[in-house]
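The values are calculated or read from the model by the stated rules, or taken from the named source; none is laboratory data. Treat the numbers as computed from the prediction; the structure is a model and nothing was measured. Cβ coordinates were reconstructed from backbone atoms using ideal geometry, including for glycine residues, and neighbour counts include every protein chain displayed. Protein only, heavy atoms only, side chains kept; ligands, DNA and RNA dropped before computing areas. Shrake-Rupley method; radii C 1.70, N 1.55, O 1.52, S 1.80 Å.
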Amino acid sequence: MDVCRHFLNTCASSLYPKERAKSNSVLQKWIWFLSYFCCYASRMGITERVSTSAYSSPARSLGETGITPLSPSHIIAKDADGGAAEEQHFSVVVAIDFGTTSSGYAYAFSKEPECIHIMRRWEGGDPGVSNQKTPTTMLLMPDRKFHSFGFAARDFYHDLEPSEAKQWLYFEKFKMKLHSSTDLTMETDLIAANGKKVKALEIFAYALQYFKEQALKELNDQSEAEMDNSEVRWVITVPAIWKQPAKQFMRQAAYKAGMVSPENPEQLIIALEPEGASIYCRKLRLHQMIDLSSKAAINGISPTDPAKDHGRRNRQSRIFLVENVIGELWAELEQGDRYVVVDCGGGTVDLTVHQIRLPEGHLKELYKASGGPYGSLGVDYEFEKLLCKIFGDDFIDQFKVKRPAAWVDLMIAFESRKRAAAPDRTNPLNITLPFSFIDYYKKFRGHSVEHALRKSNVDFVKWSSQGMLRMNPDAMNALFKPTVDQIIEHLSTLFQKPEVSGVKFLFLVGGFAESPLLQQAVQKAFGDKCRVIIPHDVGLTILKGAVLFGLDPAVIKVRRSPMTYGVGVLNRYVEGKHPAEKLLVKDGTRWCTDVFDKFILVDQSVALGETVKRSYTPAKPSQLLIIINIYSSEKEDVSFISDPGVRKCGTLRLDLTGVEGSPSMSRREIQTIMQFGDTEVKATAIDVTTSKSVKVSIDFLN
């Protein structure tokens, strides 16, 4: 109440004298109203909310249930108190590479870990495009129930009449929503092609349920006995640069899909895409990769005899054999050698720096994952901008809404020609315009597509009498330039970091890494600093590595923490050191509220399974409830949980009832343990007196 009165008086004092006089009566009314409200709130039990907001202090209301440090922290290799779950054994590992533009799955049986099975032929497909994966597209029926995924969804949607297509909900490239959302929650929506909204969690759950059913069906075809879902360890790949909420979102979608249950979280591993690629690259034999620094080969096809190599690739089995030991490439590496993995996908580009540990070939992350939205979608956006320049933004926007299936057709045609772009190409690339595009444009503008091209003065793009856009190779290459330049710029910045000095190899992986234009740009920029290596079947590198990671999650021994983690505590208030607004007096004791007691700092190295343990004691000896709030920040230099960028990501509630007569009540020890080094963080609180404990997985979504 005093704070409210002080705030209103301060506001009044800032007014000019005449205005201040007029405001006095108003202020008195406000003070009377707030007095009445506070009394009412106190009776109704909601005073806590009022006092908290008045000070913008998240922890001030926890004075009755708060904690204060009892001992300094220490780090232990494993949780001696049983916080780490016992390693489970599974009959098979199934990895799902959930991509922005395309997705697929692979698996390996635990008894045959050297054999990786990949779904190489999906129903449907595009001419000139490998069908090792299926498009990340989904179709819901007008009643919002699941209809189909991948090629099946895209082809069915394509065949619908335009009037009918408006009733169906079609989604494509929706994975980027998880990267681009700054406020991702369980309620985040996705927008279908017809403009209707659906909860993102439902769409991702439908997709994972589809992969679960497909994989289990194939596993049962392969196994003598029927394979139960409980025998499967699932691995889902995500970009390493994703924020923690997006990674958690994928786990929640897996729970909703029935892939795993919250009661058995260890059955699902969230794997980082560049880490998967790095794990697979350890196994490479010399004939399984292209060294751009020593061979004039692009995308694994020698220009001297492309047909011969293409035939070899087509004869490959659906089963890939990997070495039980590290590959021949690693014979050139010495203890401590460094290399960079650049994962170029449809939506994002992920970079990670690893160091090899011999003789086992274990990996240590030297620099936290970096990157950005520099995937092949950038080329698609440039093509759309080109169409807008020629035909007008208003027409393209209308066409996408009025003829959604035809727009899908147009982008399929572009995708095929996009993959044919190369640095030394001399002949034009023809992109077929759907008839409905030509027809609708004439109705919309009153003149022909050919007329629009002539008036646009766009260089290197002509009209073909066969109904095609005829693009000069330079025009196609120009569509790649902004995205490729961003990748090169980011890599250049990375190579200036001390942790990246002396890098021996640069592995270029991911679907976009198949682009000869990108390969040439990377080799030209960094070929003098390190050897640029491209694995065969570069688009499947992450998928195969994810299977290996599921078989041996301990292969990544050291990671860099992507965040600063800690808990909110009460410390003894020190005059002159702590801000006055953080002072809280309880039972004659002066406390500093909202102190961020940090367990680990952003970019700090943490070993797999490494835990940080701290001991606390209740701020008030008679407390029967301990509330420990866990916080995170992308910054290192944060002091209070109210600092900008700090967010609550978990709560541990420990019930202390039933031991009121305990002699240790005055100095009761509450151990708080956080486990790091995995792709996800876990926390535990233990009451040493009673051995009661509670666990929580860090929650960034609620």
Enter the accessible area of H287 (Å², nearest 10), with the probe set to 1.4 Å and all protein chains included. 130 Å²
Using 10 Å bins from zero, what percent of all Cα-Cα pairs in the stretch 160-254 falls into each bin? 14, 37, 28, 19, 3
Rounded to the nearest percent, how much of the accessible area of the stretch 421-468 (1.4 Å probe, protein heavy atoms only) is carbon and sulfur? 49 percent
How high is the FRET efficiency between D397 and E334 when r is their beta carbon distance and R₀ equals 45 Å, given to the nearest 0.05? 0.20
Could you pull the accessible area for I412 with a 1.4 Å probe, rounded to 10 Å²? 50 Å²
For T137, the residues 5 or more places away or on another chain with a placed amide H closer than 5 Å to its own amide H are G150
What figure, in Å² to the nearest 10, do you get for the accessible area of F512 with a 1.4 Å probe and non-protein molecules left out? 10 Å²
In Å², what does the accessible area per residue of the stretch 416-553 work out to with a 1.4 Å probe? 43 Å²
Residue span D643 to A225: 0.36 nm per residue of separation minus Cα-Cα distance leaves a gain in nm of 144.8 nm
Summed over the other residues with a beta carbon less than 10 angstrom from that of V341, with K and R at +1 and D and E at -1, the charge totals -4
Taking H placed 1.01 Å from N in the peptide plane, check which residues at least 5 places from V681 or on another chain put their amide H under 5 Å from its amide H. I698
Proximal lysines to K217, defined as alpha-carbon separation beneath 18 angstrom and excluding residues fewer than eight positions away on the same chain: K133
So how far apart, in nm, are the two label points at S181 and R445 if each is 7 Å from Cα heading toward Cβ? 3.8 nm
Just to make sure I understand: if all protein chains stay in place, what is the order of Y631, Y255 by accessible area at 1.4 Å, largest first? Y255, Y631
In the stretch 613-633, whose amide N lies under 20 Å from the spot 7 Å out along Cα-to-Cβ of V694? List them in ranges. 613-632
Which ³J(HN,Hα) values, rounded to whole Hz and listed in residue order, are derived for the stretch 566-580 from phi using the Karplus coefficients 6.51, -1.76 and 1.60 in 6.51 cos²θ - 1.76 cosθ + 1.60 with θ = phi - 60°, glycine and proline given as x? x, 10, x, 9, 9, 10, 4, 6, 10, 4, x, 9, 9, x, 4
Checking the cross-link filter: which lysines have an alpha carbon closer than 19 Å to that of K283, excluding same-chain neighbours under 8 positions apart? K111, K364, K504, K544, K557
Distance in nm between label sites at E575 and K524, each 7 Å beyond Cα in the beta-carbon direction? 6.9 nm
Length added when fully stretched, D655-S293, from 0.36 nm per residue minus Cα-Cα: 124.0 nm
For Y381, Y210, Y107, give the ranking by accessible area with the largest first, probe 1.4 Å. Y381, Y210, Y107
How big is the C-alpha Rg of the stretch 445-597 next to the rule-of-thumb value 2.2 N^0.38 Å, as a ratio? 1.90
In what order, largest first, do H117, H89 sit by accessible area if the probe radius is 1.4 Å? H89, H117
